[in-house]
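Accompanying notes for the structure given below.
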Amino acid sequence: MSRSSRKLLRVTKFLLAGVTVFCVSWIACVNEWHTGIRWKDRRLSQDSLSTMRTIVAYSESKQAELDRPSPVACSRLPAFPKIPYINRTWSPGAQESIWQDVEGTSVSLYSAYYDERTPQRYIRVLATFHGRNISSEKPLFCQTRSMNENEYSVEVVAAKPLEIWWNGWDRSSSHVLTPLLLSCPLTEPLSGPSVISIVTEPCDDPSNGFYITKLRPYNRYERTFTICVKDLNFQKDISQNLVEWIETNKLLGADIIDMYIDDLSKESEDVLLRYRSEGYVRLFQVPIKNKNNRSLWQRRRDHILTYNDCLYRNIIESKYIVPLDVDEVLLPKIAYTWSGLLKRLEFQGWDSNQYSAILVRNVFFFSFMQGIHNYKPSNHTNESKIYIKRDDVRIVTDENLVLQEIELVTDTSSNKYSLNYEYDHSQYKSDCDKDVPIPKLASHIVSSAVISPTGHYSKSFMLTKRVLTAFNHYPLASLGTAGIAGWSAPFTEVQLNHYKESCNATVVTECEMYAKKARFDRSAVRLRRPLMKAISLAICSKLNNY
């Protein structure tokens, strides 16, 4: 073979190798959604997690290169917008409008935050639009301008829309408001106070605007754990439950609780205002645009906007956010606090450089299952009923589900115990002027024997440096190179105690499965005793002050 032929063959081999590497890299790195998620748990399959999704991203440098904006040149400077004063802090009777519209669209803007978690800097705008597909709206553009009087210029780039929802979750009509994240890439990091506006034509005068301030360097957190509580709406007095729940989370390690208020009783309001004055609770107006006649699925969309506002409010303040309801407690079984739990999990596979959240499995504690002295080693008749609440969030039915038999099964996750074991509740009582209820961690010790699979009713410790959009159970989208959004914490280390009176619309299809068998939940007895004493003392002190 001649020298020229050998040279041609060598060049051809190099070209083919290069094309192969490029194609494989492209397939592996394409940034798109997939149904199903590969949790690091050999017990699970993708089929059991059909509602989960994950994002496979480029490296941060490659993603920054792809997202680098191409500013639009304008023949004239758009006018400076009129920026309304918006007070998002909640107070009794607050009725302020906290939304801004984008003219010519159904898009409404709620809040805006500066995001420097990646090499490509962004301004993130939380919004909603009417419908189930953002592609039906006009293209949107971001106008960013400095507040510096000597820098009268406007940078205009195309907004990158991302629906914070998955249409596979529901089949509701198109007459819904869907949460939306608009990402505005910046050519340069913010150097000072700025203004962001959203328009449909690049050089139009804007009808909206948000002040954006770079508060302090990213990654210097003030807190480790911030709890995010979705729209609170309780007409009945839940003040004592709130005290118990807040004090429990304070002892477990929560630094602060961000709560979004819809409608509460006067007694419940007073409790939260007292905690706010102590600096332990922050209260915000609920991000609901239209309150009347909201369907169940519209409520769930609204809740997602709440969680993402809480996420972006805390990306430079808190290392983790923890979305929780006031009937849920993330309870370590061996460690005494969340910080101690995370230290243990680092030796069991948790890697904050690879994953964006720690998922904790759910355990239901139904009120009708309690009463440890009633249980025997064999099946028995239980006359309790599940009374299904009738409102627009719960399922409506004329037939109550009657549980005639609850089989008591052995709790294989804990030490062996006597079935006739009774708790001494007197140890949790304190000298109070008021009757202090026994904390649920002590009174509710019989749970469903069925433990929810990972991803079903789970809650998460979400790492703020990696989460792009959040759902109340797990991240919907993640930043960086993470191919798996969440890591499943070992059930031997932690569980989500979920206290419910009965089965409601969220679990009614599986209610029979969860209610047929019960178990004594003694996996955290060692932790409960000192924790219960501290909770009782805290409740006593708070109630005596009210």
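The values are calculated or read from the model by the stated rules, or taken from the named source; none is laboratory data. Quick caveat, the model's predicted, so the values are computed rather than measured. Here the Cβ is made from the backbone with ideal geometry for all residues, glycine too, and neighbour counts use every protein chain on show. Accessible surface areas use protein heavy atoms only, side chains included; no ligands, DNA or RNA. Shrake-Rupley method; radii C 1.70, N 1.55, O 1.52, S 1.80 Å.
A compact table of results
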| read-out | value |
| --- | --- |
| The lone exception for A489 - which of (1) open to solvent by less than 30 Å² (accessible area, probe 1.4 Å); (2) among the aliphatic types (A, V, I, L, M); (3) under 22 Å from E510 (Cα atoms) it fails | (3) |
| Any hit, the stretch 320-335, residues being over 21 Å from the mean Cα position of the chain (by Cα) and in a helix (DSSP H, G or I) | no |
| Cross-chain or 6+ apart pairs with Cβ under 7 Å, the stretch 230-248 first and farther than 20 Å from I535 by Cβ, then open to solvent by 60 Å² or more (accessible area, probe 1.4 Å) and among the charged types (D, E, K, R) | N233/D263; Q235/D263 |
| Residue in the stretch 295-314 that is modelled with pLDDT of 95 or more, assigned to a loop (DSSP other than H, G, I, E, B) and farther than 16 Å from Y474 by Cβ present | yes |
| Members of the stretch 95-123 found to be charged (D, E, K, R) and more than 11 Å from K289 (Cβ to Cβ), listed by number | E96, E103, D115, E116, R117, R121 |
| Candidate set from the stretch 132-168 (those that are part of a loop (DSSP other than H, G, I, E, B) and within 23 Å of the chain's Cα centre (by Cα)); member that is farthest from H473 (Cα to Cα) | N133 |
| Residue within the stretch 200-212 that is at pLDDT 90 or above, open to solvent by 70 Å² or more (accessible area, probe 1.4 Å) and not in a strand (DSSP E or B) present | yes |
| Residue within the stretch 346-354 that is surrounded by 15 or more Cβ atoms within 10 Å (Cβ to Cβ) and either touching a Cys at 6+ places or on another chain (Cβ under 7 Å) or aliphatic (A, V, I, L, M) (or both) present | no |
| Residue within the stretch 458-467 that is outside any strand (DSSP E or B), open to solvent by 10 Å² or more (accessible area, probe 1.4 Å), modelled with pLDDT of 75 or more and farther than 23 Å from K440 by Cα present | yes |
| Unmet criterion (only one of (1) within 18 Å of the chain's Cα centre (by Cα); (2) open to solvent by less than 30 Å² (accessible area, probe 1.4 Å); (3) not hydroxyl-bearing (S, T, Y)) for D255 | (2) |
| Odd one out for Y260 among (1) closer than 25 Å to I164 by Cα; (2) of a type in the set (S, T, Y); (3) part of a helix (DSSP H, G or I) | (3) |
| Test for S146: is it of a type in the set (S, T, N, Q) and at pLDDT below 90 | yes |
| Count of residues meeting criterion [open to solvent by 10 Å² or more (accessible area, probe 1.4 Å) and under 22 Å from R76 (Cα atoms)] in the stretch 146-185 | 12 |
| Total residues in the stretch 302-360, condition small (G, A, S) and touching a Pro at 6+ places or on another chain (Cβ under 6 Å) | 2 |
| Among residues of the stretch 90-127, those that are open to solvent by less than 20 Å² (accessible area, probe 1.4 Å) and small (G, A, S), counted | 4 |
| Filtered residues of the stretch 492-518 (kept if outside any helix (DSSP H, G or I), modelled with pLDDT of 80 or more and open to solvent by 10 Å² or more (accessible area, probe 1.4 Å)) | T492, H498, Y499, K500, E501, K517 |
| Leading residue by the ranking (surrounded by the fewest Cβ atoms within 10 Å (Cβ to Cβ)) among those in the stretch 213-252 that are under 16 Å from D325 (Cβ atoms) and hydroxyl-bearing (S, T, Y) | T248 |
| Sole exception among (1) at pLDDT below 50; (2) within 30 Å of A485 (Cα to Cα) for W338, by number | (1) |
| Hits in the stretch 287-328 (condition: of a type in the set (D, E) and farther than 22 Å from W169 by Cα) | E317, D327, E328 |
